[in-house]
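Okay, structure first, notes after.
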Amino acid sequence: MSATTEAKKGRQPPPFLSYLAKIAKTLGSIAVTMIGLLFVTFVIGRIMPIDPVIAVLGERATKETYDATYIAMGLDKPYIVQFFYYLWDVIQGDFGPSRLTARPVEDDIARVFPATLELATLGTLIGVFIGVPLGVLAAVKRGTLIDQIARVVALIGYSMPIFWLGLVGLLIFYGILGWVGGPGRVGIFYVDLVPTVTGMILIDSILDGQWDVFWNAVSHIILPASLLGYYSLAYISRMTRSFMLEQLSAEYITTARVKGMSEWAVIWRHAFGNIKVQLITVIALSYAGLLEGSVLTEIIFSWPGIGSYITTALLSADMNAVLGGTVVVGLVFVCLNIFSDLLYKFFDPRAQ
Amino acid sequence: MTAVGIPEPGKPGWRQWLLTDTPTSRRHARAASLYQSWLTLKSNKLAMIGLGILVFLALVALFAPILSPYDPFAQDLGNRLQPLGADGHLLGTDSLGRDILSRLIHGSRITLYIVSLVALIAPIAGLIVGTVAGYVGGWSDTVLMRITDIFLAFPRLVLALAFVAALGAGIENAVLAIALTAWPPYARIARAETLSIRKSDYISAVKLQGAGPLRIITKHIWPLCISSLIVRVTLDMAGIILAAAGLGFLGLGAQPPSPEWGAMISEGRKFILDHWWIATMPGLAIFTVSLAFNLLGDGLRDVLDPKDGGEL
């Protein structure tokens, strides 16, 4: 028994190799998940009641063209072969042409994705900068009025239909009060004024020095971003509270207090310092959730992001666009999940 | 008050029977433990408010034809876009002159229908996948959990959108799409529970008595997974309602003229600036019901799953 463990110890690879093995394992699991994801979209694409040949050729193609395209698209091959064709195309970044815009889907996605990214990033920032302090406060003042208010704020956030809140927000702040810009990314007079660099209009307008465009864009993004921010706030503040409660009941906190440390230092340096890693994971998850949750928000605010793109494509039976968009959103989702996993492993010595 | 110990007829006797420390039968013990949980839940005011709203919703749905003052589909174009409280229409009328209150009342049936179907399909599917993966282990565990991960990796609403697009719009397909995106968390929970139960002594004892895997899973593992699943289902209900309403809003769930709440918001959206109540009232209904589920779920978690109580 001891001899074998001894032998095992002797053959243990150097640390960097085990690190490489870990990375390889992670990459492998990403690959498997991605292939699975593509398989699901492939199946959805196959059961969709849309003829892919007619989608390309239009309704009035002749029988000969139809048959030729049918074979050219590989539709006569077995499904498993078709799946590998699909896989190969996607790996090369080819999602096929969009029926609606008559452009390659990948170009469309590259155009609409920055808009979603901009909205979700701003929403997450709002959620973090309000949600984290609110959660900490609720944990420190457990059971008081502040804790109750934080709980109600979060519960309302969990229960509110986001598209409805967006409508009501538009009605009040745009329709009645006129405090914010209406739907869309910028007002009609500001469209296409700034050259596209990153695709995020806030950053592009700063890069170009066009401050009037910037402020107009801010007035348009502030309402949808606050809405998304509220959702992520609800989640982040509850998680922060429960993490903090766990830390504050630990014995080392009592020790720190007994030593006469100021309450501020106990809370922020000790307790908060220990929940940072868990918090990063939660924030990454909520960020991924916002990329998805923005589907309905984008429609309400006519935001030209990936959510509106998928939905518009869906309503006009543009299969390539729907599947391409779904795969991209799924990919981002997977990457963020894995990123938060890695961060967790990297920063938390117990998980190593 | 007569002598202590002799059960009085009526309510107090039942109370005593339920609160006893020495149950006389298995059914007695089960009833007593249920009653204890009920007492704990009853002391949670917010949870009781949630339960009250849900009971009210169920009653409204049950007696919808009696309660609604008008036919939810009857159009009255002379009376369209009436404001709140206009002659006999408590919540006004929509763009086709249909009474909004009656439509809301009938819409509660659709909401309950969607929620109960999803709440039946998703947890059961998750329970089967999770317990099989956890109990059998090995390759089937790896494969099943990979599949679960893939479904978890998909953003729920986008996947539901794609499914509805493939299957065609409609309530049943919306239910199926939401259930297909909702089962993975249940599978995770069920697997975790199974892994912790699998090695326990009583499972070995049952095995020695000759029980096969099927019997062990259905009779001895499932009952122990139920309570954590119930908590999760109740907390998920709000999400299911919101997802269904979102699909309805996009025109992919219930089809017009169905009085589904999300579809009603979508109809009212065109008139939001001048006739705000048309979109606002169904939104309030959705909000109230999902809040009720969240409040109840929060309370249930404290009762059934005290180990991470107070997380939400």
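The values are calculated or read from the model by the stated rules, or taken from the named source; none is laboratory data. Note that this is a predicted model, so its numbers are computed, not measured. Here Cβ is always computed from backbone atoms with ideal geometry, including for glycine, and neighbour counts include all displayed protein chains. Keep in mind that these areas ignore ligands, DNA and RNA; they rest on the heavy atoms of the full protein, side chains included. Shrake-Rupley method; radii C 1.70, N 1.55, O 1.52, S 1.80 Å.
With a Förster radius of 35 Å applied to the C-beta separation of residue A:91 and residue A:208, the computed FRET efficiency comes to 0.45.
Take the eigenvalues of the Cα gyration tensor for the range B:109-312, scale each by 5, and report the square roots as semi-axes in whole Å, largest first.
Value: 38, 19, 12 Å, ordered largest first.
Computed from Cα atoms, the angle from the helix B:26-42 axis to the main principal axis of chain B rounds to 50 degrees.
Legend: Rg and Dmax of the range B:176-293, from Cα coordinates, 21.4, 73 Å. Of A:195, B:74, B:204, which is farthest along the charge dipole of the protein assembly as shown in the positive direction, counting Lys and Arg as +1 and Asp and Glu as -1 at C-beta? Ranked along the dipole, the leading option is B:204. Label reach from residue B:86 (point 7 Å along Cα→C-beta): in the range B:243-259, no amide nitrogen lies under 18 Å. Here the protein assembly as shown is treated with +1 on each Lys and Arg Cβ and -1 on each Asp and Glu Cβ, and its dipole about the Cα centre works out to around 2680 debye. Residues considered: B:196, B:227, B:25. Largest GNM mean-square fluctuation over chain B, using C-alpha springs under 10 Å, is found at B:25. For the protein assembly as shown, the solvent-accessible area with a 1.4 angstrom probe is 50 square angstrom per residue.
Taking a ≥ b ≥ c as the square roots of the eigenvalues of the alpha carbon gyration tensor, the protein assembly as shown is rounded, as a/c is under 1.5. Counting only heavy atoms of the protein chains and using a 1.4 Å probe, residue A:18 has close to 60 Å² of accessible surface.
Across peptide A:331-340, the average count of Cβ atoms from other chains found within 10 Å of a residue's Cβ is 2. Spacing of the modelled spin labels on residue A:265 and residue B:28, each 7 Å from Cα toward Cβ, amounts to 6.1 nm. Surface composition of chain B: carbon and sulfur make up 66 percent of the accessible area, probe 1.4 Å. If you bin all the Cα-Cα distances of the range A:211-289 at 10 Å, starting from zero, the percentages per bin are 16, 33, 24, 17, 8, 2. Across chain A, C-alpha contacts under 8 Å between residues 6 or more apart give a mean separation that, scaled by the residue count, equals a relative contact order of 24 percent. Under the convention that each Lys and Arg Cβ holds +1 and each Asp and Glu Cβ holds -1, the size of the dipole of chain A around its Cα centre is about 1680 debye. Helical runs (DSSP H, four residues minimum) scored at -39500 (n - 2.57) apiece and divided by the length of chain B put the mean residue ellipticity at 222 nm at -23000 deg cm²/dmol.
At q = 0.16 Å⁻¹, what log₁₀ I(q)/I(0) does the range B:42-201 have when each alpha carbon counts as one equal point scatterer in the Debye sum? So the normalised log intensities are -1.01.
Stokes-Einstein diffusion for the range A:72-227 at 25 °C, viscosity 0.890 mPa s, with a Kirkwood radius from C-alpha pairs, works out to 126 µm²/s. Per residue, chain A reaches -24000 deg cm²/dmol at 222 nm when only DSSP H runs of four or more residues are counted, each adding -39500 (n - 2.57). Every Cα-Cα pair in chain A was counted, and those over 25 Å apart are 66% of them. Counting only alpha carbon atoms, the long axis of helix A:319-347 and the longest principal axis of chain A meet at about 20°.
The accessible surface of chain A, taken with every protein chain in place and a 1.4 Å probe, is 68 percent carbon and sulfur. Applying 1/(1 + (r/R0)^6) with r as the Cβ-Cβ distance of residue B:75 and residue B:201 and R0 = 51 angstrom yields a FRET efficiency of 0.15.
The largest accessible area among B:277, A:215 belongs to the first residue in A:215, B:277, and the rest follow in falling order (1.4 Å probe, all chains). Report the relative contact order of chain B, percent, no decimals, based on alpha-carbon pairs under 8 angstrom and at least 6 residues apart. Here the relative contact order equals 21 percent. In the range B:129-159, burial by the other protein chains removes 50 Å² or more of accessible area from B:146, B:150, B:153, B:154, B:155, B:157, B:158, compared with the chain on its own (1.4 Å probe, ligands and nucleic acids ignored). Chains A and B together bury roughly 4000 Å² of accessible area, counting both sides, with a 1.4 Å probe on protein heavy atoms only. Between residue A:60 and residue A:219, the modelled labels are 4.7 nm apart [label points 7 Å from Cα along Cα→Cβ]. Neighbouring Cβ atoms from other chains, within 10 Å of the Cβ of residues in A:168-177, number 2 on average.
Computed over the range A:192-231, the convex hull of the alpha-carbon atoms projects to a mean area of 2.9 nm².
Residue by residue along B:162-173, Cβ atoms of other protein chains within 10 Å of the local Cβ number 5 on average. In terms of Cα atoms, the Rg and Dmax of the range A:138-224 work out to 18.0, 53 Å.
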